[in-house]
1. Select, from Lys566, Lys562, the only residue that is under 17 Å from Ile468 (Cβ atoms) and under 30 Å from the mean Cα position of the chain (by Cα).
2. Scan (1) of a type outside the set (Ser, Thr, Tyr); (2) open to solvent by 60 Å² or more (accessible area, probe 1.4 Å); (3) under 29 Å from the mean Cα position of the chain (by Cα); (4) more than 14 Å from Gly128 (Cβ to Cβ) for the single condition His187 breaks and write down its number.
3. Which condition breaks for Leu307 when tested against (1) more than 13 Å from the chain's Cα centre (by Cα); (2) open to solvent by less than 50 Å² (accessible area, probe 1.4 Å)?
4. Quick one: in the stretch 534-566, of everything that is part of a loop (DSSP other than H, G, I, E, B) and open to solvent by 70 Å² or more (accessible area, probe 1.4 Å), which residue is farthest from Lys580 (Cα to Cα)?
5. If I go through the stretch 532-583 residue by residue, how many of them are touching a Gly at 6+ places or on another chain (Cβ under 9 Å) and over 20 Å from Arg460 (Cα atoms)?
6. Of all residues in the stretch 378-396, which are open to solvent by 40 Å² or more (accessible area, probe 1.4 Å), over 13 Å from Val421 (Cα atoms) and part of a strand (DSSP E or B)?
7. I'm trying to understand the selection: among the residues of the stretch 335-347, which are out of contact with any Leu (no Cβ under 9 Å at 6 or more places or on another chain) and surrounded by fewer than 17 Cβ atoms within 10 Å (Cβ to Cβ)?
8. Exactly one of (1) within 27 Å of Met43 (Cβ to Cβ); (2) surrounded by fewer than 24 Cβ atoms within 10 Å (Cβ to Cβ) is unmet by Ser123. Its number?
Amino acid sequence: MTARICILIGLCGILLSATLLSAQPAPQGSHPGETKEQRDARMKWWREARFGMFIHWGVYSVPAGTYDGKRIPNIGEWIMNHGKIPVERYAQYTKDFDPTKFNADEWVSIAKNAGMNYIVITSKHHDGFAMFHTKVDGYNIYDSTPFKRDPLKELAEACQKQGIKLGFYYSQAQDWHHPGGAAAGGHWDKAQDGDMDKYISDVAVPQVKEILSNYGPVAVLWFDTPVGMTRERVEQFVPLLSLQPQIIVNNRLGTGFTGDTETPEQRIPPTGYPGKDWETCMTMNDTWGYKSYDKNFKSVPTLLHNLCDIASKGGNYLLNVGPTSEGIIPQPEVDRLETVGKWLKTNGEAIYATSASPFRRLDWGRCTRKDNKLFLMVFDWPKDGKLAVPMSNKISKAYLLTAPDKTLETRSSEKSAQITVPSEAPDPIVSVVVAELDGDVQPISMADAPLNVDANGAFRLEAGDAKIVGETAQLEGDDIGYWTNKSDYVEWKLNVAKSGAFTVSLDYACEPGSEGSEYAVIVGEQKLMGKITATRSWRNFRTVKVGTIQIDQPGVVALQLKPLSKPNLAVMNLRTLILKPQN
């Protein structure tokens, strides 16, 4: 990804982005020359789908996180890299990869019963092992394992039969097996030596051509980690997209290629990507590829809240499963998907084919909209039986989505619309109230409304909720950047229920060469000082613990983050400030 922080050029006073300074070519999409109407038609199913299954499956499921008797930290599909396993040694795992319990129909049924509308599966990950019968070489599941089957072909047939869209993930720029494929990524074995251009032309491009030619309709092509992907390398892939005229391609192919979708990973942007198509991909535990000892699965409430949150911001949720080397999707993942699917069978109207919420923030939950309907997805059911919606509209009709024939009482004023709801929430996790309106929504500004703690008792101060004071700093997507004036600062208001000490963490990015800015987190007379160190780029975010700050008085308090110095290009790109109570 490229930097987007801007700088002032001395005497000229011209504002230039770092992207321009790196002389990148003009961006292009996956379908050059396409009209807006054509793009809208092509993207229609994807925009309505809202929920899909990501599948990370490969030979890395054999070691399952352990190498030479040691548990290798971090994500399972990176074990070859993180364990620095020699190429020849890693290739031996293929002899034990025999997923005889793989059942394509069963996998597709799991996705369909979960309410998912599409699947994206790894055709080749960074370990270079093809999960399909490629003719490029023998390093694939058909030729190198006892399995002797092509699971992608079986999955394509099952998806066609059950009416689920199928997409393929392909690691084009990192391949730790084929010579030259590790030229721009991790490199630890002489067997990886080689020319990246030759790897691209002889391995990656032919394999992408195969997956776009031999598996019927391919709905999505999901590239990853575009390290070393020059414009010339990217241009070898672009003509292949014409093999699938309706295909949707993400934004990770490489230099100058914008693709169709933004791809935030393991996070939900506070404001989504207004005006863009986007998709959060996320693991169900802490790994993408199977690790036998990773039991840290997200709860069903977390998964459902994520789905509602993402839909409320106009995005899709691509939720991952990591099958075992036997070809089994782990039961904890199946169980959670089944429960999510039951909720969607009842409440799916609030998710599918909806558009983003008209409200910047709702303390009790999330909202989507469709035509004249607002779907109010309530996480925290009001104890007083009054659901307040920050709009001045009169509600023509309100009801529970599960009981559309029972009209709820409403009242409207200039400050809010109010719906009287039953004393008990109809659903223990997320209940949906529908509000039908006569006209367009007229939201009431909540810019000055104080923030409340989350379910864990912590304050998450997102960039999108901040008041930005100054001349240069501005909100771009889900972070505050262009922060070139040290006099600029940001402020949030907090609704503090109980005084005490809070641990402060900062989620930020800073390109090497621009580090060194000092800052203060200020609450009343309390000040907590910090100093910015470099991350890998303006888009590589890191969460660091700053220290502890005391909030002495409960009630509404203002918290400010102010730069004290800016020795280089800019202060930082700021995404989130987190205050966690110490008790």
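The values are calculated or read from the model by the stated rules, or taken from the named source; none is laboratory data. Quick caveat: nothing in here was measured; it's all calculated off a predicted structure. In this analysis, Cβ positions are derived from the backbone assuming ideal geometry, glycine residues included, and neighbour counts consider all displayed protein chains. Side chains included, ligands, DNA and RNA excluded: accessible areas come from the protein's heavy atoms. Shrake-Rupley method; radii C 1.70, N 1.55, O 1.52, S 1.80 Å.
1. Of the residues listed, the single one that is under 17 Å from Ile468 (Cβ atoms) and under 30 Å from the mean Cα position of the chain (by Cα) is Lys562.
2. (4)
3. (1) is the only condition that Leu307 fails.
4. Looking at residues that are part of a loop (DSSP other than H, G, I, E, B) and open to solvent by 70 Å² or more (accessible area, probe 1.4 Å), I get Arg536.
5. 9
6. Once the filter is applied, which keeps residues that are open to solvent by 40 Å² or more (accessible area, probe 1.4 Å), over 13 Å from Val421 (Cα atoms) and part of a strand (DSSP E or B), the stretch 378-396 yields only Ser396.
7. Asp335, Glu338, Lys342, Lys345
8. So the condition that Ser123 fails would be (2).
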